[in-house]
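For reference, the structure discussed in these notes is given below.
The values are calculated or read from the model by the stated rules, or taken from the named source; none is laboratory data. Being a predicted model, the structure only gives us computed values, none of them experimental. For neighbour counting, all protein chains shown are included, and Cβ atoms are generated from backbone atoms with ideal geometry for every residue, glycine included. Surface areas here come from the heavy atoms of the whole protein model, side chains and all, with no ligands, DNA or RNA. Shrake-Rupley method; radii C 1.70, N 1.55, O 1.52, S 1.80 Å.
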Amino acid sequence: MGQSRHRPCRTNWHQGRRASTRRPFDPSTGAATMSPAAAVSSAFAPWGVAGKMTDKDVARWVERAALGMIMAVAFAIRLFSIVKYESVIHEFDPYFNYRVTKFASEKGMAEFWNFFDDRTWYPLGRVVGGTIYPGLTLTATWIYWFITDVLKLHPVSVKDVCVMIGPIFSALTALSTYGLVNEVRGKGAGLMAACLIATIPSYISRSVAGSYDNEAVAIFALVVTFYLYVKSMKTGSLLWGVGASLAYFYMVSSWGGYTFIINLIPIHALAMIVTNNFSANLYVAYSQFILNGTLLALVLPVVGFNAVQTSEHFSGFFVLGLMNAVALVKFLRSNLTERAFQKAFRLFVTLAVVGAGVAVLGVITYAMTSPTFRWSGRSLSLLDPTYAKKYIPIIASVSEHQAPTWSSFMNDLRLAIVFMGAGIMSCFKPRLTGASLFLVIWGVTSVYFSGVMVRLMLVLAPVACCLTGIAISDVLDLLCRSYRYEKTSSPGDDNGVSSSPGAGKGGKKKGRAGRRGSEDAADGTPYGLVPGQLAFFGIAGLVVVLSFHLFHCSYLGGEGYSSPSIILQSRTSTGDVYVFDDYREAYSWLRENTDYDAKVASWWDYGYQTTAMADRTVLVDNNTWNNTHIATVGRAMASPEKKAWEIFRALDVDYVFVVFGGMVGYSSDDINKFLWMVRIGGGEYPDIVEKDYIGEGYYRIDEKASPTMLNTLMYKLSYHRFQDIVGRDGMDRVRNTRFGKPDIQLKYFEEAFTSQHWMLRVYKVLDKPARSKTGVPKSSLKN
Amino acid sequence: MLVGELKEICGVFRQEYGKTSKMLKIVDSFVIFAIATAAVQMANALLVGTFPFNACLASTLCCLGAAILTASFRMQIGGGKSRVEKVFADYCVAMIFLIFVSISYVG
């Protein structure tokens, strides 16, 4: 790109061939130049101001129709789970959110903020009001109140609202993505990006109907915050800055991933300063965002003083100081003569370096000396992927925190990951603006983080869609222009060269009307166009590729990501669907047949579901805030029966349940998770050593398993009376081996309930050891 | 030598700065006032303590925010590119928002 030739200005492929004198929706002139009332009224007048349908009006209505269809598709593609299974809350974390939402909708806001949950983490309890991110639950509560009290639509239950939050907010995400990419490149790119994010499988997986988790609203908040920030940066308007701050407030309240925003925006601002792009607009947008954002983040109880005290937030203040210094230098420059400015600048730089050095030293000593003010464990494990495995096994054990494989990139992002690089290159043409630099930096940092943890692929999905939208839109723009040029093929009609200014810097550069540079072809064809037939096949090919992508997305949305994981399905030999509903069966047994105050112990995965569906007090749940308590439960599961009984009696446990998949081949059972119990228990209690549980050669449960393993409570509870079903030589269908110790007899526990497919097994903790060994076969009751 | 240089720079600055309009000078003085108030508060926090930390933070950030908003306002009208009334309206809304949030946080 070393030559100084002019590229023809790219026209937005919606806007037709002629430059029009009025451009109410041209993003590059900035909508801020119109008063809000005029903008709204002209948005809805079908005939525009001229009084008849022009090309522009047709384009505008096509764009609106496309946007409406994109939002409808975003909503509909997430409804597979309701069609295939039922309208039920999925997985584990959503059950906690659902319980809190139910509580808030019944008791009101004051009770919500003061909610202390004593049904979990027995005997510690959990302060919910001060430690959850309230965005999701409060959004659902207010929507529920709006529907039942204002619209008076009955019967709508809280569960219905919670199930539908994902689809609704993903439609809104598509709308905001359109807005964001519109600011960067133009409407065509915006529509393409919106269409991609509406259907991309990575986002579908976390926002499907029933997946009532923070990411369902957080991704919407993320994109809206970025859209409003880019808008305020382009227009330099304080009003848009207020909007950006409010959107950031919503983002902070929804998800812990807000630290990504509060670090990305300073990095971007720093890049702008370093590349000599500092402008008044940047200062206005950035400083207002950081200040308002900090103040708003302080208001939330879950963040509180962390917003000014933890290292994750310091980059914002650092760049703010730097930006103020740069602004001050510019101010001095405009108020001093050149010579005086040189002298002042030297003085200022020395002072600033000394001052900054002292400040940085102070901050570093402060951060290092107070143990709570360093980077939190989760943030550190992002920067150093091996950190969690070495120091915090509980973070390493979560399946979502593993590094993703290539297949998950291709599966979840498909087209977006392929075109993302082209999108990054497209951002550099015709010129790197603040908004396109933002997308580039966002893309690069997201790619790094998504490589660390598979659950962060979700942060990569929006930016991959934006960049892909830009790339595909640029290609389509070129092809369509070539095709149209071929059709009109009059040498004086240089479609793309005149009319609207380049994207990015609003309206400053005039269109280069009719100029033919030296790079045009000999017959006067403007630079860069391809022959018409080639363009036609190019467009057709691109349509085919995009269609295959959509087929893949809807297949994956339907088959891959819509399972609620609390209900399992399989096909019988005749092709019918067979449903495994063991989880809910066991939880409702617990709810109906045990005391209200009974304490239930299990591995932490099932804590939220137990409190929400079985409505019983649990020892540990998915919040995993207390590693020692979880380690105690893990130690109990890994101990011999008597020792485990003592541990459980000390914690007042009445029932213990384990998940066992050996009869039906369900591989996410507790025996497969058992080594994590050992590792986490061993992290706190040194008498639990992992290699004691490994049998001959590898972790196994057949005769060659280690004797410690065969004696653990987990083993006994899982395989108790298993030989009644599969025989003494029977196979465990998950491990595909014979199990090692038939005739298990329990002295301190008594089997209370086993679900239909033996997936959940509930045992009562006896007060005194049984007189006779409880080996007498009981029929497995299904109450 | 350092003092001499400083004196020279200050002289030139005063000369050049005197050419700015009166309105801009008023705005500039408000920025300096806001920063001075924030400095007073930080000194108070150092000397007396930060006990109701949320109140300390809310007041300091409010002053700093006012300074930054006014500086932004000054940047936009100083360039002479946008209409002063429109920028002032935005500035008022932003200030009201800032003060509202600060008051709700100061407790």
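Going through (1) of a type in the set (G, A, S); (2) farther than 22 Å from B:E8 by Cα; (3) surrounded by fewer than 21 Cβ atoms within 10 Å (Cβ to Cβ); (4) more than 10 Å from chain B (Cβ to nearest Cβ) one by one, A:G304 falls short only on (4). Can you find a residue in the stretch B:53-62 that is within 9 Å of chain A (Cβ to nearest Cβ), out of contact with any Ser or Thr (no Cβ under 6 Å at 6 or more places or on another chain) and under 19 Å from A:A244 (Cα atoms)? Within the stretch B:53-62 (the criterion being within 9 Å of chain A (Cβ to nearest Cβ), out of contact with any Ser or Thr (no Cβ under 6 Å at 6 or more places or on another chain) and under 19 Å from A:A244 (Cα atoms)), the answer is yes, since at least one residue qualifies. Annotation: of all residues in the stretch B:75-87 being more than 7 Å from chain A (Cβ to nearest Cβ), within 26 Å of A:G321 (Cβ to Cβ) and modelled with pLDDT under 90, the one that is surrounded by the fewest Cβ atoms within 10 Å (Cβ to Cβ) is B:G78. Name the residue, out of A:T628, A:T610, that is over 27 Å from A:V664 (Cα atoms) and either at pLDDT 95 or above or among the polar types (S, T, N, Q) (or both). Just one listed residue meets the conditions, A:T628. Being surrounded by 15 or more Cβ atoms within 10 Å (Cβ to Cβ), within 13 Å of chain B (Cβ to nearest Cβ) and at pLDDT 90 or above holds for only one residue in A:N335, A:N324, and it is A:N324. Taking (1) at the interface with another protein chain (Cβ under 10 Å from one of its Cβ atoms); (2) in contact (Cβ under 8 Å) with a residue 40 or more places away in the chain in turn, B:F97 satisfies each apart from (2).
All conditions but one from (1) modelled with pLDDT of 80 or more; (2) under 25 Å from the mean Cα position of the chain (by Cα) apply to A:L361; the one that does not is (2). Could you tell me whether B:M23 is among the hydrophobic types (A, V, I, L, M, F, W, C) and over 29 Å from A:L296 (Cβ atoms)? Against the criterion (among the hydrophobic types (A, V, I, L, M, F, W, C) and over 29 Å from A:L296 (Cβ atoms)), B:M23 qualifies. Of the strands (runs of 3 or more DSSP E) entirely within the stretch A:559-618, those holding at least 1 residues that are more than 30 Å from A:E646 (Cβ to Cβ) occupy A:568-571, A:577-580. Just one residue in the set A:E86, A:E106 is open to solvent by 40 Å² or more (accessible area, probe 1.4 Å) and not in a helix (DSSP H, G or I); that residue is A:E86. Taking only the stretch A:759-783 into account, find how many residues are in contact with a Phe, Trp or Tyr (Cβ under 9 Å, 6 or more places away or on another chain), within 23 Å of A:V726 (Cα to Cα) and at pLDDT 50 or above. Of the residues in that region, 6 qualify. Taking the stated definitions as given, is A:F348 within 29 Å of A:I441 (Cα to Cα) and within 14 Å of chain B (Cβ to nearest Cβ)? Judged against the criteria, A:F348 is not a match.
Going residue by residue through the stretch B:23-40, is there one that turns out to be under 30 Å from A:R339 (Cβ atoms), away from every other protein chain (no Cβ under 12 Å) and of a type outside the set (V, I, T)? Scanning the stretch B:23-40, I find at least one residue that is under 30 Å from A:R339 (Cβ atoms), away from every other protein chain (no Cβ under 12 Å) and of a type outside the set (V, I, T), so the answer is yes.
Exactly one residue out of A:G316, A:G256 is in contact (Cβ under 8 Å) with a residue 40 or more places away in the chain, open to solvent by 10 Å² or more (accessible area, probe 1.4 Å) and more than 10 Å from chain B (Cβ to nearest Cβ): that is A:G256. Considering the stretch A:712-764, the residues that are polar (S, T, N, Q), under 38 Å from the mean Cα position of the chain (by Cα) and not in a strand (DSSP E or B) include one that is farthest from A:S588 (Cα to Cα), namely A:N736. Within the stretch A:708-722, does at least one residue satisfy the condition of being under 20 Å from A:R635 (Cα atoms) and open to solvent by 30 Å² or more (accessible area, probe 1.4 Å)? Yes, the stretch A:708-722 has at least one match.
I need the full set of residues from the stretch A:278-291 which are within 18 Å of B:A58 (Cα to Cα) and open to solvent by 10 Å² or more (accessible area, probe 1.4 Å), in order please. Matches in the stretch A:278-291: A:L291 only.
The set of residues from the stretch A:629-646 being under 38 Å from the mean Cα position of the chain (by Cα) and outside any loop (DSSP other than H, G, I, E, B) comprises A:H629, A:I630, A:A631, A:T632, A:V633, A:G634, A:R635, A:A636, A:M637. Is it the case that B:D90 is assigned to a helix (DSSP H, G or I), at the interface with chain A (Cβ under 10 Å from one of its Cβ atoms) and farther than 23 Å from A:G243 by Cα? Criteria not met by B:D90. Across the stretch A:403-439, the qualifying residues are those that are part of a helix (DSSP H, G or I) and over 18 Å from A:L196 (Cα atoms), and the one among them that is most open to solvent (accessible area, probe 1.4 Å) is A:W406. The criterion of being in a helix (DSSP H, G or I), within 30 Å of A:I77 (Cβ to Cβ) and within 14 Å of another protein chain (Cβ to nearest Cβ) holds for A:L246. For the stretch A:211-230, indicate whether the set of residues that are farther than 17 Å from A:M251 by Cα and away from chain B (no Cβ under 14 Å) is non-empty. Looking for residues that are farther than 17 Å from A:M251 by Cα and away from chain B (no Cβ under 14 Å), one finds at least one in the stretch A:211-230, hence yes. Restricting attention to the stretch B:63-74, the residues that are of a type in the set (G, A, S), at the interface with chain A (Cβ under 9 Å from one of its Cβ atoms) and open to solvent by less than 20 Å² (accessible area, probe 1.4 Å) total 2.
Within the stretch A:669-693, the set of residues being of a type outside the set (G, A, S) and either touching a Pro at 6+ places or on another chain (Cβ under 9 Å) or open to solvent by 50 Å² or more (accessible area, probe 1.4 Å) (or both) comprises A:N672, A:W676, A:R679, A:I680, A:E684, A:Y685, A:P686, A:D687, A:V689, A:E690, A:K691, A:D692.
Restricting attention to the stretch A:123-139 and to residues that are open to solvent by 50 Å² or more (accessible area, probe 1.4 Å) and in a loop (DSSP other than H, G, I, E, B), the residue that is nearest to A:T617 (Cα to Cα) turns out to be A:P123. Just one of the numbered conditions (1) assigned to a helix (DSSP H, G or I); (2) more than 8 Å from every other protein chain (Cβ to nearest Cβ) is not true of B:I9: (2).
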